[in-house]
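Visitor: Sharing a structure below in structure tokens format, with a few things to ask.
The values are calculated or read from the model by the stated rules, or taken from the named source; none is laboratory data. Please read these numbers as outputs of a predicted model, since none were measured by experiment. Backbone-built Cβ (ideal geometry, glycine too); neighbour counts: all protein chains shown. Just the protein is used for accessible areas: all its heavy atoms, side chains included, with ligands, DNA and RNA removed. Shrake-Rupley method; radii C 1.70, N 1.55, O 1.52, S 1.80 Å.
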Amino acid sequence: MTTKDAPPRWDRKMQQRLARGEAAALGELYDRFASLVHGLAHRVLGDERAADGITRDVFAHVWEHPDAYDPRQGPLRSWVAALTARLAVQRLRTTETAALARGGEGSAEELEVRVRRASVAARADYIAHSMPAPLRAALELAYFQRRDYRQTAADLGVTEDEARRRLRLGLQLLSTAHDAGTPGAPPGCGGAA
């Protein structure tokens, strides 16, 4: 493995600390990733209480199975995001399947469509939060504050060409959320999970 491919030092150290059972490591991990986990879970489930439950489940899983993360396979952030998406999609399927069994509205096909949409939304959320800050800033100005590329360039203090480049790259990254095997998506979040 080349130095470029090596996982960040923090990831390796955190995995080692968790494997040794250091409670402080779990607290540090929670502080760093709780908003990511809760946000992804909420995006998939659309329910605050369910997202809270998934957040607890993710960190409990990490605490109980610290060796499940292999730093050689990628960043800890990606592994935590993939675990979150997998658990949230499982919860969504279980909840919705139970509702269908009780005679709730919808069909199995509609459930799968909702699961796929939730998975794409979770991947898009992860991609948006993981993209480089200059790209994210350009997208936020253009799409949330409704700035055109000229206004975005002025707000960011960059050339118009640079603003267009950042917007184009940011949109290209976000477009990969629909692709199941996308390098930008967290591992294990592809397809219907």
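Visitor: All other residues with a Cβ under 13 Å from the Cβ of Leu135 taken together, and with Lys, Arg as +1 and Asp, Glu as -1, what is their net charge?
Guide: Numbers: positive: Arg136, Arg164, Arg165, Arg166, Arg168; negative: Glu140, Glu162.
With Lys, Arg at +1 and Asp, Glu at -1, the neighbours total +3.
Visitor: Please name which of Ala81, Leu169, Gly46 has its Cα lying farthest along the dipole of region 8-178 towards the positive end, using unit charges on Cβ (Lys, Arg +1; Asp, Glu -1) and the Cα centre as origin.
Guide: Highest projection toward the positive end goes to Leu169.
Visitor: Roughly how many nanometres apart are two label points built 7 Å out from the Cα toward the Cβ at Gln73 and Arg116?
Guide: With each label point 7 Å from Cα toward Cβ, the separation is 2.6 nm.
Visitor: How would Thr152, Thr95, Thr176 line up by accessible area, probe 1.4 Å, largest first?
Guide: Working: Thr152 0, Thr95 75, Thr176 30 Å².
In descending accessible area the options line up as Thr95, Thr176, Thr152.
Visitor: Sort the following peptides by mean Cβ neighbour count (other Cβ atoms within 10 Å, averaged over residues), highest first: 162-172, 121-131. Could you put the intermediate results ahead of the total?
Guide: Values: 162-172: 17.8, 121-131: 20.4.
The peptides rank, most packed first, as 121-131, 162-172.
Visitor: Starting with the highest mean, order 49-55, 35-41, 19-25 by the number of other Cβ atoms within 10 Å, averaged over the residues of each peptide. Can you show the working numbers first?
Guide: Numbers: 49-55: 18.3, 35-41: 22.0, 19-25: 12.0.
Answer by packing, highest mean first, reads 35-41, 49-55, 19-25.
Visitor: Which shape class applies to region 8-178: rounded if a/c is under 1.5, otherwise prolate when a/b exceeds b/c and oblate if not, where a ≥ b ≥ c are the square roots of the Cα gyration tensor eigenvalues? Before the final figure, lay out the partial values.
Guide: Values: a/c = 2.58, a/b = 1.22, b/c = 2.11.
It comes out oblate by the Cα gyration axes.
Visitor: Please give the contour-minus-distance gain from Arg168 to Glu22: 0.36 nm per residue of separation, less the Cα-Cα distance, rounded to one decimal in nm.
Guide: Numbers: separation 146, 0.36 × 146 = 52.56 nm, distance 4.30 nm.
Residue separation times 0.36 nm, minus the Cα-Cα distance, leaves 48.3 nm.
Visitor: Here's a follow-up. Hey, can you grab everything whose amide H is under 5 Å from the amide H of Gly74? Only 5+ residues off in sequence or another chain; H modelled, so Pro and N-termini drop out.
Guide: none
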